[in-house]
Structures are given as structure tokens and as C-alpha cells.
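Have a look at the structure below, then the notes.
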Amino acid sequence: MTSHALLGRPQPASAKQAKPRSRLHLPGRRSGYVYIAPFFIVFLAFSVYPWIDTAWMSLHDVRLSTYDERTWVGLGNYTDLLTNSYFWNAFFNTFTLGVISTVPQLCMALGLAHLLNYKLRGRTFFRVGMLMPFATSLAAATVIFVQLFDPDIGLINWVLTHVFQLPAVNWVDSKWPAQIAISTICTWRWVGYNALIYLAALQAIDTHLYEAASVDGASRWRQFLHVTLPGLRPTIVFTIVVSTIGAAQMFGEPLLYDPSGQPMGGSENQYQTLALLMYQQGWSNDRLGLAAATAWTMFLIIVVAVSVNLLVARKRRMLS
Amino acid sequence: MGSRPLVRSMLALAALLAGVSACTSGGQTASSKVTLEGPCGTKKDATVTVGLFGTFGFQENGMWKEYKKRCPNITIKQNQVTASGDYWTRLKTRLASGSGLDDVVAIEQGFVADVVQNHADEFVNMQTVPQAAALKKDYYGWKWKQATTPDGKSTVGLGTDIGPEAICYRSDLLDKAGMGATPEELAQKWTTWDSFIKFGKQYKAATNGKAFLDSAQSVFSTAVYQGKRAYSDEQGQPDLEHSDGVKTAWKYATQAAEAGITAKLAQFSDAWNQAFSSGKFAAIACPTWMMPYIQSQAGPAYAGKWAVAPGLPGGYSNWGGSFLGVPAAADQKAAAVALVTWLSEKDQQVKMWTSKAQGGHFPSNDKAVQDPAVADATSAYFSDAPVGQIFGGIAGKMKTLPPVGIYDTQIGTVLSTQLSNVEKRGTDPDKAYAKAMDQIQQITG
């Protein structure tokens, strides 16, 4: 048994020509399936089956308490959802929270990666330090930020009022301040991770390009624009796609940010995201059918958002 | 030949899926008949798991140790979840799947109606176990009824504690405001919500704008159970339109909020916890389980500064209380029923109220209430208040209580959130109420 056969890779062309049907009978072929089976069985049981079950559930009126009594409602849950002000509120909150947490985050990550790519003193220290927030647990980070942003006793309002002589901001009850506070948590945690990905991609850019550019008298800013950015384009598309998916599913930060501990996203749902709404519908309000419809709607929204990203990226590539 | 592994894996998958769906339909078929063998339910060695939430206090008050002496063959394993909402979601999920259930599960008053209506057949019917059924006559009628199906045939659990309410207040702060009086005199001044709110306004004026009450929630959650109906009708279905309790409670709670006599603190928040000693408020609606809570938050330095007035604006009211049930799918049904029965007996309920460690769980067993250890109890921390007499008196007045319903907890949460919007953000009460009705619509569907 060769290692190739073990991994189920295509056989060399010569073997194929010599005995066209023989590859079906190679002993390694079948064991290949055995090796990939654990993943696919788990995938079927914990991804495919729940997807189908969720889709089926979304067509019924199901409550957690009366789980076995399902009433067929067809697309009723979906029409209910699309005419529901809570859904649209959560939809727009997810969108605005996503924009204000990913756009500055990716720009900052890019800038950081660009700077850390130069030969700096203590470069490793900065590179590791940058990744520390990512290694912090979401709950721990959010608890700290909740205290920082506390309208009455938080450090941020203290600095605003005592150092800058500005009025205090209600970071919890007012809509935009609360959304900005939540995106700050998100940005703080993920900026290092994205910077690391950019940094890895930057290392693949030929250093001669930078040398040539500086010989030509290009400033660091111009080097960034004309060497770094074009070299990073595929990586940037990747991070945008991953961040879009992440932002669309934002859940932990707004849940833990609410002082009541309820999945309401603030007392007037001012920062309730789609994932929070889904949780509230399913687990607080007991309406699993409606929550399942929200889950599938979220999935479709993510597919559309990612497709738009990729289309824009392709358009740009074709134009340039 | 080549496709055989594929066939095999398909079969494996089919078996897996069948296993999953078999799980979801389990539970219902299990028999709910239980026969107890001796006082411990069984003569064999057994481990009984007990699912609890919040601060039940059985372990803290030494009940498990005592049970080990009584039944050396029984080992008790306690699984406690802090938040009752999380606990309930978990319990519902396990009831739906029929697996992972503890042998004894705690059921809070806020969701007992759901258990009675939707899961009665998944619990041991206490009426069919002679030892448990014999306790019925000792219980407050309304308590037994809350855990019983409307046809009266099935009882899903036995009551632990109840939450008769009075008003706890800071006597030192009232003295400072020049409004000090004996607990009896204060109770006289606080017979109605109108006079209570008027008193709050006077306190505010006398203290240069200090808040009298902790939160408008203190008014709301008390007054809502003073009506004929709270959130639900007699069948346990949500009905706010015909609820006198919700209307009155909303009226007085928003009055208190708009008069500015509340400290606008969210109950059970960190800021609220701190305020028991900081003096941000002087009074709070006080179900009996609130007393140990106040004591632990305010600390020993405030002993004698807190007191209890023997009365409640608007009459009497009950806040909270729980039950212990045994799922029909439990592994150790007999041992579990024996444990629940023992915990519900007079002596154990007396201990849960009088224990120094974590007492304050007022008996739901009337025999225990009559016991001198309960009736004559006083609290040194609360200025030697005759708490046994006070809460026993209030509990005795509660002949009937409004029916409990399947969404009481969720509806209560929505209304309290909107109430806090009136209190903190100055939202118009009518608008907040309309918003609450809209959100309740999302729950009831």
C-alpha cells in the first residue's frame, strides 16, 4: 500500500494507462473511504441532519414544551417573520453592527500588518501582543468592556467627563453608543487575528519589490498602495468573506452586553442581532418553528452577502 | 464489491438517525407507577440526582447530610444551575428528548403551569404514591392546586417553599428623614398603594430627593398577584385583557416611577445589590426569601438597621416558591419520591425556614407553619421582628391566589423591561404598555 493509495489520491497517469480498470480494485481505494468516513459521519449527523430537520421544523408551528405536537403551517413562519418589525429591527442592527465592527477592524489590521512587516525592534513582541486579545475568551473580554462602558461607574465616561470635559454618554441605553461599544469589543478581539493573516500574506510578497520601490523614491504610503495592496488582494477578499459571515452571526457580544442577561439586545432591542432574535424566539419564547425559519433566513442572507462580496471582488479584478 | 463500504456507512447513518429520532420520542411511554420499598424508597444502594436552580439551600442547610444518616444506602448528587431561566430551558429540552433528566427536578412557580399542562404524563403522579398523597392535607390548598392538572387527577410535584410578602425597610434612614415609627404604625400607613406612594413622596421631600423604593418592579411584581387574575386565565392560557392584576399593578408601578420615588435599579443587578447598604433606597417589597438575600448583601454592619413592617400595601401577595417533581423516566424513581416526600414533611420544612445557614424558605406545609419553631421565630438582623408571626399571618390570609399560566415568566419579563423603560428612560406609560403587548404577542404567537 503506497501512501498515495492510502490518501485516496489519483494514481499516476502511467498506472492508469497500463491497466485502465485496475484502480477500482486497488486495496487502498476502499480504505480511503474508511479514513474519511469519521468526518463525514459526524458531518452528516451534526450538520446535514440538523439542516434538514431545521428546514422541516421551520414549516411547522413547534414549541419547545410541546415538541412532538407539530402543526404544518407551510411558509407561515416565513411570512410571519418578513412582516415582523422585530425581524427587520434585528436585520438592520446586524447590518450596522457588522459594518461598524468589520470595516474599521480590517483597515486597522491591514495597517498593523504593514507596519509589523518592516524590520522593527522587538517585532516578535508586537506580533505576539497583537494576537493576545484573540486568545482572550469572549465572555471575559465582554465582562471587562461592560465595566469600562458602564454609564455610571465606567472608566470611559470618567475620562470623557473628567479629562475632556465632555458630557457622559449612555453606552447602554442609547442605540448608537451601545452599538459602537459592542463593535469595539469585536474589533479589539479580531483585529490581531486578521493582521496575522495579512502579515502571513505579506511575507509572500517579494521583498525586492519594496527595495525597487524605495530606490525609485516611493514613500511607505506609496509602497503600501502600490505594492502591499495589490499583493494582498486575494487575502483581503478572504478576510472580508470570513468577517461578513462572522458579523452576520454576531451573538455573544450583544448577549453579554445586556445587563439584564436576556437575549433582548437592550431594553428597546436597540442592539438585538438576528442570532439573538433567533435565540429569543426559540429558547425564551419557546417558538422553535419561528426560530428555525429565522435560522434559514439568516443562512440565505449570509449566502447573498458573501456572493455580493465575491462578485464585487471579481468585478474589480476584471477592471484592473 | 466496491460499493459495500458505502452501503455499510449508509446503514450506519440510518441507524444513527433512527437512534436520534428514538431519543426524541422517549419518555412518554415510561410508566408513572411507583411503589416505595421502606422509608428510603429502595433497599438497594442508589444514587439520586437532584436538579436545582438559584439558592435552594438544601445542601447549605445540611439536608443531604441528614438524609444520609436516615438512608445510608442513598447517595445524593446535586446539579445546580444559577439562573432559573437557563435551568428551565435545559429542563424543557430534556423533557422533549426524554433523556438526561435528574431523578428529582425543581420546578419554579413561574413554570409549573407549563409542566402541569404539557408534561404531566412525564412526571410521577404524586397522588398515586400513598406516602406523598398523605401530605396533601398539610399543604396550603392553592399550593397543591398549582401543581395539579385542572381535572384534579394528577399532581406533578410537592411544594417546597412559598413567598408571602411584607415590606422590608431601613429604619435608620426613616429616622434620619424624621419619619421613623414602629413597624406596626408603618404598616398602618402602608395599607394601600396610594398611601404607600404618598409616603414615598414625603420621604423624597424630607431627604432632598432621595429614592424611597428600590425599583418600580417592587410595586409591580407584588401588585400583579393581588388581583383576581395575573397573567393568565383559569385554564392557564395567557390573557392580559381581562387581568385586573396587571392593570392595577401597571398603574401603581408607573405612578411610582413617574413620581420619582424609585432608585431605578434593575432588581438582582450589581448596582441593586450594592444599594442594600449604600442607602440609595429605604424600602423594598420583601417576600420571605428576600430576607437572607438582604442580610448577605448588606452584611452584618447593617444588623438592626433593617426592619420588617407587618403588612403589605393592597392586602397580601405571594412572590415565587417552588416544587419538587420526579420525572417518570428517572432511573431511581422510588428513591427519588422517598426523598421528595421526606423534604416536604413538617420537620424538614421547619428547618429550611429556621436554619442559620440559608434559611428563609417559608414552609408551604401548613403544619410546619403552625410549629412553634416557625410561629415564634424572630429575626435579630431585622430589629428582632417577629418574622414567623408576620409571614405566617400573611400566608394565612392567602386562601386563593390568581391562576398561574404557561407563559407567566416570559410575560413578566417583558412587562418588567417595559416598566424599566418608563422608569429609566421616561417612556410614556401607555406607549410602553402597547409595546409590551406587542412583544407578548411574539411569545403567545
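Observations on the structure shown:
- Listed residues B:106, B:132, B:177: farthest to the positive end of the dipole of the stretch B:57-182 (Cβ charges): B:132
- Inter-label distance for residue B:175 and residue B:271, nm, one decimal - labels placed 7 Å from Cα along Cα-to-Cβ: 3.0
- Gap separating the Cα centres of the stretch A:128-181 and the stretch A:212-259, nearest whole Å: 24
- Diffusion constant of the protein assembly as shown at 20 °C, which comes from Stokes-Einstein with the Kirkwood Cα-pair radius and 1.002 mPa s, µm²/s: 71
- Ordered by the count of other Cβ atoms within 10 Å of each Cβ, fewest first, B:185, A:268 give B:185, A:268.
- Cα pair distances in the stretch A:178-293, grouped into 10 Å bins until the bin that holds the longest one, percent each: 12, 29, 22, 17, 12, 6, 1
- The value obtained for the stretch B:109-183, namely the Cα convex hull volume divided by the number of residues, is 130 Å³ per residue.
- Shielding by partners, peptide A:62-71 (average Cβ within 10 angstrom, other chains): 5
- Straight Cα distances below 24 angstrom link residue B:431 to the lysines A:175, B:247, B:251, B:264, with same-chain residues fewer than 8 positions distant left out.
- Cα-based Rg of chain A normalised by 2.2 N^0.38 Å, two decimals: 1.28
- Counting only aspartates and glutamates at least 8 places from residue B:333 when in the same chain, those with an alpha carbon closer than 14 Å to its own are B:37, B:45, B:102, B:103, B:122.
- The count of lysine pairs in the stretch B:344-425 with alpha-carbon distances below 28 Å, taking only pairs 8 or more places apart or on different chains, stands at 11.
- Dividing the C-alpha radius of gyration of the stretch A:259-316 by 2.2 N^0.38 Å, with N its residue count, gives 1.45.
- Estimated translational D of chain B in µm²/s (Stokes, Kirkwood radius over Cα pairs; 37 °C; 0.692 mPa s): 141
- Percent of C-alpha pairs per 10 Å bin in the stretch B:83-212, short distances first: 10, 30, 17, 16, 19, 8, 0.
- Each Lys and Arg adds +1 at its Cβ and each Asp and Glu adds -1 at its Cβ; summed about the Cα centre, the protein assembly as shown shows a dipole of about 3200 debye.
- Cα-Cα pairs of the stretch B:345-418 separated by more than 16 Å (percent): 57
- Around residue B:53: net Lys/Arg minus Asp/Glu count, Cβ-Cβ under 10 Å: -1
- Shielding by partners - mean other protein chain Cβ count within 10 Å, residues of B:408-419: 2
Every number in this text was worked out from the coordinates using simple rules, so none of it is lab data. Just so you know, these numbers come straight off a predicted model, no measurement behind them. All Cβ positions, even for glycine, are placed from backbone atoms using ideal geometry, and neighbour counts span all protein chains on display.
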